[in-house]
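The values are calculated or read from the model by the stated rules, or taken from the named source; none is laboratory data. Bear in mind the structure is a predicted one, so any value in this text is a computation, not a measurement. Cβ placement follows ideal geometry from the backbone for every residue including glycine, while neighbour counts extend to all protein chains displayed. Protein only, heavy atoms only, side chains kept; ligands, DNA and RNA dropped before computing areas. Shrake-Rupley method; radii C 1.70, N 1.55, O 1.52, S 1.80 Å.
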Amino acid sequence: MSAVLELRQGLRLSPLPTPLPKPVGPLDPAAEAALRFGSVAAAAVHPFEVAAAIEAEGVTDRQVQRRYGRSDAFELAEELYAETPRSYPEPEAASSPWHAPLSTSVLRGFLYALPGLAFPLGAPMLSGPPDAGGLPHGTFALALSVVLNWAWNQALAHRTHARLGRGQRRSGGRCLLRGAFVGAGLGLLGALIGVLVGGHRSGGVLLFCGGQALYLGGSCVLLVLGRELLLLRALAPATLGGAAALLGLIRPSPLTALLLVWTVLLTVRLARRELRGCLAEVDGDSAIEPLPPLRASVPHGLFGMAMSLLTLGIALRGGRLDLGPTVALTISMGPAEWLLYGYRDRIHGALRAAHTARGFALLSARSLALGLGSYLVLLALLGSAVGTALAGGLFGQQLPGLLALGATVWTALLLQAFGLAWAATGICFPAAAATVAGVAEPAVGSTAAALLLAVACWSLGRVTVHR
């Protein structure tokens, strides 16, 4: 009967229900058998399971012949199985694991945007003749440094999460330690190339980019390890100083630039302390599960590069620097993560509620529309608020491009969450290239979003993707 037990375990059914007690008094043999073993037959997935229950009751083949008029337990089991309607027990409702506190997601969104307040403090280092196209001095070097940092840190976060998800906290710490140094080096290299191409003679741009690269490496460590409050503490000096500079309370000077240095040093120090804690731990026996190959992180790095190019494209549109849409999009990334968790939570319920493949596909599409629609409403509100704060009015002309880009980003992140990173990157990277080439953001974003939505509806509408 081991095959029967394995069959039941494979189908994840509940344990065999307790048979009814033996009837008292004379009964028709067929009725007696149905009464005694009917509950077992109703929940069975094969006649052998009924036969196993009959034998477990101590009923021998001789007793079956005498009492029920059947040759053996298997013949009785087949008859009961054929004549009893199926009535499988409902599994106990499992709680969804896809929950994330909204406060943490909102905090992460602000942490993504707060470093922008540091730029006014860096005005003495970024002073100089404008770049090509009339952009502020050092813009090209800063942009190139950010692009390389984002790409590397996206791939680094994927590699580290792959280790942390397997219980390999010490290994994840080593990965972050090495990767943060390499990422800072790449950011500095991008800045150096940008300075040489731009012909800048001042070393201020290179110094600012170097600090930015160190900060991005340290913040990546803290965010991957879930230390958002520590990162907020590290950002406090530059954030408060930058806000004071924007309000005209202080004037940027070499002295105020020390707040940037303090923020960078504090971020690196806190990241180093957290990494030391990871390296002091010992990976358990459950951490021996093999890691995905290195090439699995490539699409995540390319996706990070594409996202940085798309974001910079909307910030540098028309040959001028406009941070309003970029700030709104950056802040929205925190709530976007929370809405992604909401989609997965709804899908967890849809897996139980749907009775057909088509029904599940419809529930998945409805959940996708709800998540994306909620995100776009939030992004529109943020865009209007930031536009009012920075420019004194709504940037209605930029709103279509911002919403199209937001739809692209959110849907691509959703595909990445389900292991479809190459699909997301294969659509976003050409869109980023088109943006750099000068194609209008609304056209690029809407086309990319439509393609991503088609892929999401087709792929996420299959039950097997969610198992």
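Here the stretch 142-284 is assigned +1 on the Cβ of each Lys and Arg and -1 on the Cβ of each Asp and Glu. Its dipole about the Cα centre then comes out at about 340 debye. Positive end of the charge dipole of the chain (Lys, Arg +1 and Asp, Glu -1 on Cβ, about the Cα centre): tell me which of Leu312, Leu415, Ser105 has its Cα farthest that way. The one lying farthest along the dipole's positive direction is Leu312.
Both the radius of gyration and Dmax for the stretch 288-375 are 18.2, 54 Å, in that order, over alpha-carbon atoms.
Using the Cα coordinates of the stretch 107-240, the gyration tensor eigenvalues translate into equivalent-ellipsoid semi-axes of 29, 17, 10 Å, sorted from longest to shortest. Solvent-accessible area of the chain (1.4 angstrom probe, protein heavy atoms only): carbon and sulfur portion equals 66 percent. Model label points for Phe110 and Arg273, set 7 angstrom from Cα along the Cα-to-Cβ axis, are 2.1 nm apart.
In a reduced charge model with +1 at each Lys and Arg Cβ and -1 at each Asp and Glu Cβ, the chain shows a dipole moment near 1480 debye about its Cα centre. Between His99 and Leu351, the simple label model (points 7 Å from Cα in the Cβ direction) yields a spacing of 1.7 nm. Amide H contacts under 5 Å for Gly138: Asp131, restricted to partners 5 or more places along the chain or on a different chain, H placed in the peptide plane at 1.01 Å from N.
The residue among Val40, Pro130, Gly187 whose Cα reaches farthest toward the positive pole of the charge dipole of the chain, with charges on the beta-carbon of Lys, Arg, Asp and Glu, is Pro130. Rolling a 1.4 Å probe over the heavy atoms of the protein chains gives the chain an accessible area of 50 Å² per residue.
Fully extending the segment from Leu381 to Leu247, taken as 0.36 nm per residue of separation minus the present Cα-Cα distance, adds 45.9 nm.
At an R0 of 56 angstrom, the distance between the Cβ atoms of Asp61 and Leu258 translates into a FRET efficiency of 0.05. Treating each Cα of the stretch 353-445 as an identical point scatterer and summing with the Debye formula, the log10 of I(q)/I(0) at q = 0.12, 0.18, 0.23 Å⁻¹ comes to -0.50, -0.93, -1.16. Residue by residue, the stretch 33-44 carries 3J(HN,Hα) couplings of 5, 5, 5, 7, 10, x, 5, 5, 5, 5, 9, 6 Hz when phi is fed to the Karplus relation 6.51 cos²θ - 1.76 cosθ + 1.60 (θ = phi - 60°); x denotes Gly or Pro. With the simple spin-label model, which puts each label point 7 Å out from Cα in the Cβ direction, the Ala450 to Leu229 separation comes to 4.8 nm.
Considering the convex hull of the alpha carbon atoms of the chain, report its projected area averaged over all viewing directions, in nm², one decimal.
27.9 nm²
Averaging the sequence gap over all C-alpha pairs within less than 8 Å and six or more residues apart, then dividing by the number of residues, gives the chain a relative contact order of 16 percent. Taking the chain as the reference, fit the longest principal axis to its C-alpha atoms, fit the long axis of helix 258-279 to the helix C-alpha atoms, and give the angle between the two in degrees, 0 to 90, nearest 10. That helix lies at roughly 30 degrees to the long axis. Put simply, the convex hull of the Cα atoms in the stretch 227-384 casts, on average, a shadow of 15.4 nm². Over the residues of the chain, the helix contribution to mean residue ellipticity at 222 nm works out to -23500 deg cm²/dmol, using -39500 (n - 2.57) for each DSSP H run of at least 4. Charge tally around Ala353: other residues with Cβ under 12 Å, Lys/Arg +1 each, Asp/Glu -1 each, net +3. What does the extension gain come out to for Ala280 and Leu370, with contour length at 0.36 nm per residue minus their alpha carbon separation? Gain on extension, Ala280 to Leu370, equals 28.0 nm. With q set to 0.25 Å⁻¹, the log10 of I(q)/I(0) for the stretch 228-279, from the Debye formula over equal scatterers at the Cα positions, is -0.89. With a cut-off of 16 Å on the backbone N, the residues of the stretch 323-340 near the modelled label site 7 Å out from Val465 along Cα-Cβ are 340. Taken one residue at a time, the phi angles of the stretch 358-363 give Karplus couplings (6.51, -1.76, 1.60, θ = phi - 60°) of 5, x, 5, 4, 5, 5 Hz. Gly and Pro are set to x. Against the main long axis of the alpha-carbon atoms of the chain, helix 441-460 sits at an angle near 20°. For the chain, the residue among Leu121, Leu294, His466 whose Cα projects farthest onto the positive side of the dipole built from Cβ charges is Leu121.
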